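Student: Right, I'll just put the structure down here and ask away after.
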Amino acid sequence: RFEEALQEARQVDKLLSEGPGDDYLEEKFPLLGVPITVKEAFSLHGMPNTSGLVNRHNVIATSDATVVSRLKQAGAIPLGVTNCSELCMWYESSNRVYGRTNNPYDLQRIAGGSSGGEGSVLAAACSVIGVGSDIGGSIRMPAFFNGVFGHKPTTGVVPNDGQFPNARGVRTSFLCTGPMCRYAEDLELMLKVMAGPGVNKLKLNEKVSLEKIKFYCMDHDGGSIFVSPVDKELLQAQKKVVEHLESELGVQVQHVAIHKMKYSFQIWSAMMSSKDSDGQEAQLFTDLLGDHGKPVWPLWELMKWLVGMSSHTLPAIALGLTEKLMKLNPGGNAKLVSMGKSLQEEMEALLGPDGVLLYPSHPTVAPRHHSPICMPFNFAYTAIFNVLGLPVTQCPLGLSSEGLPLGIQLVAASYNDHLTLAVAQYLEKAFGGWVLPGKV
């Protein structure tokens, strides 16, 4: 929406020239004139809202999602919407409506998903701040693969209204809408605007003394058979963070081994498909695939895909085929849900009011296109924190030997988002934050 954006920018210039005073403007419009991009799954008035589903290719938003409306009211100027994976349920942003998103550090690599277009456009310096959503790492994986910042807030603080697909049933406790940006200091400002009155649940105005934070570190999930081992360069980057915190802040970083993290993927899957407290079933992905069209039969779509005739992506078809398998073992699922609740209590007790956990963002740096199909469960490193409801900030840590972004997740107990945001700002100064692609 470049023409509209330029027109809105001229109106900002006019407002500034009339001079109502900087203090007044900063208070009333904290994002005055700031360009912003929005994940296409969110309604932005006049823009497509397909979520990568071919049957929705004619859907144009007639209103703004709540967070989009709040950012516009704060003075931000939307440039447009950005690509996502089909129905936002895969970690490569590719679909049959727009095609695939590339990583600006290496066009042969993925940008992540489902907010992959957002991560890519921010890293490439096309936009400065953006809106993402996250039910299994959809803010943090793209932020990590593209070397920018992303924050998954404590559950229930920022409204999810106005995105498709939205969460139903138990998943309303796992889906989070949050900010993505190139500079750590913008996370807090965006979070305040996006949360609206919900921000009162957080302690964002509390001054954080980094020396008083209890830091914990976990190098990997304990060796799940479903995910790749963590890359040596990522382990090395995490080790450098630990050494820096210990030498510069004088803190002791405690290494922990939380046994249940080994079952992250299984816990996330079981909790995602469980019933809510009212006994409502989670919405079937297959039903979503049929939105604005006829019912979808995943096995038939697979046959069509093999001869190049399906309008769906292979990951979407695969998810449609496998989701029914989750219902075949209700006893095992109940055990895993119970394990998830126990892990949540363990994490909250460990982190308490002043703890931050350092944890890998993903087992590998940005993979090559299509390769996630071979290791589909690597997103477990981010997904586990959705079902635990904890706030997590994704922080870049420079580039690997291949010139691809490195990074780390910073995790705190519920409603302690201010701790991870403060540590992210500190690590940005220490490790350089976002690096312009092609600079090295």
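Student: For the stretch 293-333, which positions are open to solvent by less than 80 Å² (accessible area, probe 1.4 Å), modelled with pLDDT of 80 or more and β-branched (Val, Ile, Thr)?
Tutor: Val296, Thr313, Ile317
Rundown of residues vs (1) of a type in the set (D, E, K, R); (2) free of Cβ contacts under 8 Å to residues at least 60 places away in the same chain; (3) surrounded by fewer than 15 Cβ atoms within 10 Å (Cβ to Cβ), yes/no style:
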{"position": "Gln11", "(1), (2), (3)": "no, yes, yes"}
{"position": "Phe29", "(1), (2), (3)": "no, yes, no"}
{"position": "Lys39", "(1), (2), (3)": "yes, no, no"}
{"position": "His45", "(1), (2), (3)": "no, yes, no"}
{"position": "Ile60", "(1), (2), (3)": "no, yes, yes"}
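Student: Of all the strands (runs of 3 or more DSSP E) wholly in the stretch 354-440, which have at least 3 residues that are in contact with a Gly (Cβ under 9 Å, 6 or more places away or on another chain)? Break it down into steps so the answer makes sense when it comes.
Tutor: Numbers: elements: 355-359, 392-399, 405-411.
Once the strands (runs of 3 or more DSSP E) in the stretch 354-440 are filtered for at least 3 residues that are in contact with a Gly (Cβ under 9 Å, 6 or more places away or on another chain), what remains is 392-399, 405-411.
Student: Next up: I'm checking my understanding of the structure. Among residues of the stretch 150-193 that are outside any helix (DSSP H, G or I) and of a type in the set (A, V, I, L, M), which one is surrounded by the most Cβ atoms within 10 Å (Cβ to Cβ)? Full working, then the answer.
Tutor: Kept after step one, since they are outside any helix (DSSP H, G or I), are these residues of the stretch 150-193: 150-168, 174-184.
With the extra rule that they be of a type in the set (A, V, I, L, M), the set shrinks to 157-158, 167, 175, 180, 184.
Details: Val157: 22, Val158: 26, Ala167: 18, Leu175: 22, Met180: 32, Ala184: 24.
Across the stretch 150-193, the extreme among qualifying residues is Met180.
Student: Within the stretch 240-264, count every residue that is under 26 Å from the mean Cα position of the chain (by Cα) and not aliphatic (A, V, I, L, M).
Tutor: Matching residues across the stretch 240-264 total 7.
Student: If you don't mind, there's one more thing I want to ask. Does Ala237 satisfy the condition of being in contact with a Phe, Trp or Tyr (Cβ under 7 Å, 6 or more places away or on another chain) and within 17 Å of Gln409 (Cα to Cα)?
Tutor: Taking the combined requirement at face value, the residue does not satisfy it.
Student: Next question. Of all residues in the stretch 194-246, which are farther than 19 Å from Pro360 by Cβ, open to solvent by less than 20 Å² (accessible area, probe 1.4 Å) and of a type in the set (Val, Ile, Thr)?
Tutor: If the condition is that a residue be farther than 19 Å from Pro360 by Cβ, open to solvent by less than 20 Å² (accessible area, probe 1.4 Å) and of a type in the set (Val, Ile, Thr), then Ile213 is the only one that fits.
Student: Evaluate the stretch 282-292: report whether one residue or more is modelled with pLDDT under 90 and over 26 Å from the mean Cα position of the chain (by Cα).
Tutor: Yes; the residues of the stretch 282-292 include at least one that is modelled with pLDDT under 90 and over 26 Å from the mean Cα position of the chain (by Cα).
Student: Of everything in the stretch 92-142, what is part of a loop (DSSP other than H, G, I, E, B) and farther than 25 Å from Ser264 by Cα? Give them in sequence order. Step through it out loud before you land on a result.
Tutor: First pass over the stretch 92-142, keeping only residues part of a loop (DSSP other than H, G, I, E, B): 92-93, 96-98, 101, 104-105, 111-115, 124-128, 135-139.
Listed by number, the residues that qualify are Arg96, Val97, Tyr98, Thr101, Pro104, Tyr105, Ala124, Ala125, Cys126, Ser127, Val128.
The values are calculated or read from the model by the stated rules, or taken from the named source; none is laboratory data. Source: prediction; values computed, not measured. Please note: Cβ atoms are built from the backbone with ideal geometry, for glycine as well, and neighbour counts cover all protein chains shown. For accessibility, only protein heavy atoms count, side chains too; no ligands or nucleic acids. Shrake-Rupley method; radii C 1.70, N 1.55, O 1.52, S 1.80 Å.
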